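Worksheet: one structure, shown below.
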Amino acid sequence: MSNLVVLNTVRFIFLYLIQILFLKRLSLLDWQGFIFVNALIYPLFILMLPIRTPRMVILLTAFLMGLMVDFSYDTYGLNAACNVLTAGARPYILAWFEPREGYNVNHSPSIGHMGATWFFRYTAILMGIHIFAYYWLDAFSHVYIISILTKTFFTFIFSMFFISVIVLIFPKSAKKS
Amino acid sequence: MLRGMLQLFGAYGASLLFWLLEGLSLVLLVQNNPQQSEIFWNSWGILTNVVEARMDGMVDYIGIRADLLELQTRNIQLLEEKDNALYSNKAITGSVDGDSILQAFTYIKASVISNSVSINNNYLRLDKGREHGIEPHVMGVIGADGQGIVGVVNATSSHFSQVMSVLHSQSRISASIKGSGYFGVLVWNGIDPELMQLDAVPKHAKVAVGDTVITSGYSQIFPRGIFVGTIEGKPYIKEGDNFYTIQVKLASDLSKIDYVYVTKHEMQDEFRELEKERNE
């Protein structure tokens with residue numbers, strides 16, 4: 001139990017630091033208009049919380065993580081809103097992807113427990129929701145729908161790339177949790 | 001009680017928390033980011049404008065009935081000042097007579113409460129009757145703008161009256177062609193509620209497409225010169241016939257008529273007197 005709390009706390013801090021120290025700088029680099037690089041990986045924390053985590057805890061930690069990212073990105077409320085949305089959607093996506101024999105409540109939605117195919121489908125859907133909401137709220141108007149969709153597409157690709165790297169670098173933690 | 005509330009919170013707490021946090025995030029977003037804040041307040045302004053406009057519309061609609069009645073009264077005043085509603089008492093030109101102009105026609109406003117155009121013999125019902133001065137067989141009904149003929153009153157009760165529509169197989173309205181003065185009888189063949197037929201126009205008359213057809217005023221039911229419609233399709237004469245076959249496109253759309261005026265000839269009694277004299 002306490003192991004899980006420690007593990008998730010570490011993951012929280014780790015993902016947060018990657019997001020604000022590495023990915024934020026990456027998105028600020030001058031790509032000379034050639035390509036739009038932005039990647040969001042901090043929602044992975046919400047995605048990988050153990051299945052039995054109470055919904056309230058998920059929502060509160062999602063809000064906290066979102067606000068912390070917002071403070072770093074100077075986008076007060078934007079990441080918090082998206083992250084709370086992702087946290088709110090998580091139980092429904094989990095119910096949608098529930099295996100025939102049901103979940104083991106001690107497991108986490110991870111490659112180790114659920115398999116790579118399952119994990120990437122689950123992650124792709126929630127990240128898609130998160131990133132689309134992110135750019136929609138960023139533009140705050142459907143008028144820019146083309147730009148919103150383009151940005152969502154590229155950011156989705158980069159985010160999924162970095163998420164894959166992370167879950168494949170640390171397969172151990174994935175297996176244990 | 002407390003237990004129940006806790007249970008309720010247990011069941012719906014997560015959803016509540018979700019909306020609370022989501023709302024909080026959006027408030028932060030709108031408050032702290034200039035672009036989002038501008039778009040939000042702009043949209044809010046548009047939204048409130050739309051709501052206010054709707055409300056204004058509803059309030060207007062409540063007041064519109066009173067406005068309408070006032071307008072009808074004004075309209076009647078104007079109609080009654082027109083030449084075709086007046087009777088000139090002057091016999092010798094230049095004579096100065098205080099009572100030289102008499103009111104020949106007056107108008108009574110009414111609302112249509114039932115109507116039909118789809119059968120061969122159509123009738124309308126009006127919300128005014130004997131108590132408002134409406135009499136059967138001698139009064140006509142015209143459209144709300146003072147143009148277009150609707151029918152002839154054929155029965156009254158104390159508060160309602162029945163009108164034989166011009167779209168009736170027995171309807172006969174005397175009408176003439178504006179300008180040339182040739183006249184005929186308007187009848188309806190029961191086919192198209194927008195088209196009536198002008199019969200009995202002699203074949204030596206000059207008739208062209210687009211000519212204006214007006215009431216002749218010969219029947220004392222309608223004042224002279226009320227716009228009935230225009231001639232549609234080229235008038236022609238059937239083989240061996242002495243009269244034109246003329247189609248008249250009606251000015252008023254009888255299938256959507258709400259308000260009308262009933263025409264009343266103030267000297268109707270004198271015509272009755274004439275009839276009596278003749279019959280004796």
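The values are calculated or read from the model by the stated rules, or taken from the named source; none is laboratory data. Because the structure is a prediction, the values reported are computed rather than measured. Using ideal geometry, Cβ is built from the backbone for each residue, glycine included, and neighbour counts are taken over all protein chains shown. The accessibility values were calculated without ligands, DNA or RNA, using every heavy atom of the protein model including side chains. Shrake-Rupley method; radii C 1.70, N 1.55, O 1.52, S 1.80 Å.
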Filter region A:61-78 down to the residues that are in a helix (DSSP H, G or I) and open to solvent by 10 Å² or more (accessible area, probe 1.4 Å) and list them by number. A:Thr61, A:Phe63, A:Leu64, A:Leu67, A:Met68, A:Phe71, A:Ser72, A:Tyr73
Any chance region B:14-36 includes a residue that's away from chain A (no Cβ under 14 Å) and either open to solvent by less than 90 Å² (accessible area, probe 1.4 Å) or out of contact with any Asp or Glu (no Cβ under 6 Å at 6 or more places or on another chain) (or both)? no
For region B:1-30, enumerate the residues that are in contact with a helix residue (DSSP H, G or I) (Cβ under 8 Å, 6 or more places away or on another chain) and modelled with pLDDT under 85. B:Phe9, B:Gly13, B:Ala14
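To keep it simple, each residue is scored yes or no on (1) among the polar types (S, T, N, Q); (2) touching a helix residue (DSSP H, G or I) at 6+ places or on another chain (Cβ under 8 Å); (3) under 22 Å from A:Leu26 (Cα atoms).
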site	(1), (2), (3)
A:Ile93	no, yes, no
A:Glu98	no, no, no
A:Gly102	no, no, no
A:Pro109	no, yes, no
A:Thr117	yes, no, no
A:Tyr122	no, yes, no
A:Ile131	no, yes, yes
A:Ile145	no, no, no
Of the residues B:Ile173, B:Ile191, B:Ile177, B:Ile142, which single one is within 16 Å of the chain's Cα centre (by Cα) and either surrounded by fewer than 18 Cβ atoms within 10 Å (Cβ to Cβ) or not basic (Lys, Arg) (or both)? B:Ile142
Looking at (1) of a type in the set (Lys, Arg); (2) surrounded by fewer than 18 Cβ atoms within 10 Å (Cβ to Cβ); (3) farther than 23 Å from A:Arg55 by Cα, can you tell me which one A:Lys151 breaks? (2)
Condition check for B:Asp99: more than 14 Å from every other protein chain (Cβ to nearest Cβ), modelled with pLDDT under 75 and open to solvent by 70 Å² or more (accessible area, probe 1.4 Å): yes
Enumeration of residues in region B:120-142 that are under 22 Å from B:Ser216 (Cβ atoms), out of contact with any Phe, Trp or Tyr (no Cβ under 8 Å at 6 or more places or on another chain) and not aliphatic (A, V, I, L, M): B:Glu135, B:Pro136, B:His137
Identify all residues within region B:173-202 that are among the small types (Gly, Ala, Ser) and in a strand (DSSP E or B); write none if there are none. B:Ser174, B:Ala175, B:Ser176, B:Gly184
B:Asp56 vs. criteria open to solvent by 90 Å² or more (accessible area, probe 1.4 Å), at pLDDT below 85 and closer than 30 Å to B:Ser252 by Cβ: no
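Condition check ((1) farther than 20 Å from B:Gln147 by Cα; (2) outside any strand (DSSP E or B); (3) modelled with pLDDT under 85; (4) over 21 Å from the mean Cα position of the chain (by Cα)) across all residues:
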residue: B:His204; (1), (2), (3), (4): yes, yes, no, yes
residue: B:Val207; (1), (2), (3), (4): yes, yes, no, yes
residue: B:Gly210; (1), (2), (3), (4): no, yes, no, yes
residue: B:Lys249; (1), (2), (3), (4): no, no, no, no
residue: B:Thr263; (1), (2), (3), (4): no, no, no, no
residue: B:Leu274; (1), (2), (3), (4): yes, yes, no, yes
Do we find that B:Glu273 is surrounded by 11 or more Cβ atoms within 10 Å (Cβ to Cβ) and either in contact with a Cys (Cβ under 8 Å, 6 or more places away or on another chain) or without any contact (Cβ under 8 Å) to a residue 12 or more places away in the chain (or both) in this structure? yes
Inside region A:82-113, the number of residues satisfying the requirement of being out of contact with any Leu (no Cβ under 8 Å at 6 or more places or on another chain), open to solvent by less than 10 Å² (accessible area, probe 1.4 Å) and more than 14 Å from every other protein chain (Cβ to nearest Cβ) is 1
On the basis of being modelled with pLDDT of 90 or more and open to solvent by less than 20 Å² (accessible area, probe 1.4 Å), does A:Leu40 make the cut? yes
Index of the failed condition, A:Phe14 passing every other in (1) within 14 Å of chain B (Cβ to nearest Cβ); (2) open to solvent by 10 Å² or more (accessible area, probe 1.4 Å); (3) farther than 27 Å from B:Gln31 by Cα; (4) at pLDDT 90 or above: (1)
Please name all residue pairs, on different chains or six or more residues apart, with Cβ atoms under 6 Å, provided the first residue is in region A:151-170 and is modelled with pLDDT of 90 or more and the second residue is hydroxyl-bearing (Ser, Thr, Tyr) and surrounded by fewer than 18 Cβ atoms within 10 Å (Cβ to Cβ). none
What pairs can you find where one residue is in region A:70-81 and within 7 Å of chain B (Cβ to nearest Cβ), the other is acidic (Asp, Glu), and their Cβ atoms are less than 7 Å apart, with a gap of 6+ or different chains? A:Tyr76/A:Asp70; A:Gly77/A:Asp70; A:Leu78/A:Asp70; A:Leu78/A:Asp138; A:Ala80/A:Asp70; A:Ala81/B:Glu22
Starting from residues that are open to solvent by 40 Å² or more (accessible area, probe 1.4 Å) and of a type in the set (A, V, I, L, M, F, W, C), keep the ones in region B:156-170 and report whichever is modelled with the highest pLDDT. B:Met164
Of the residues in region A:114-144, how many are within 14 Å of chain B (Cβ to nearest Cβ) and free of Cβ contacts under 8 Å to residues at least 12 places away in the same chain? 6
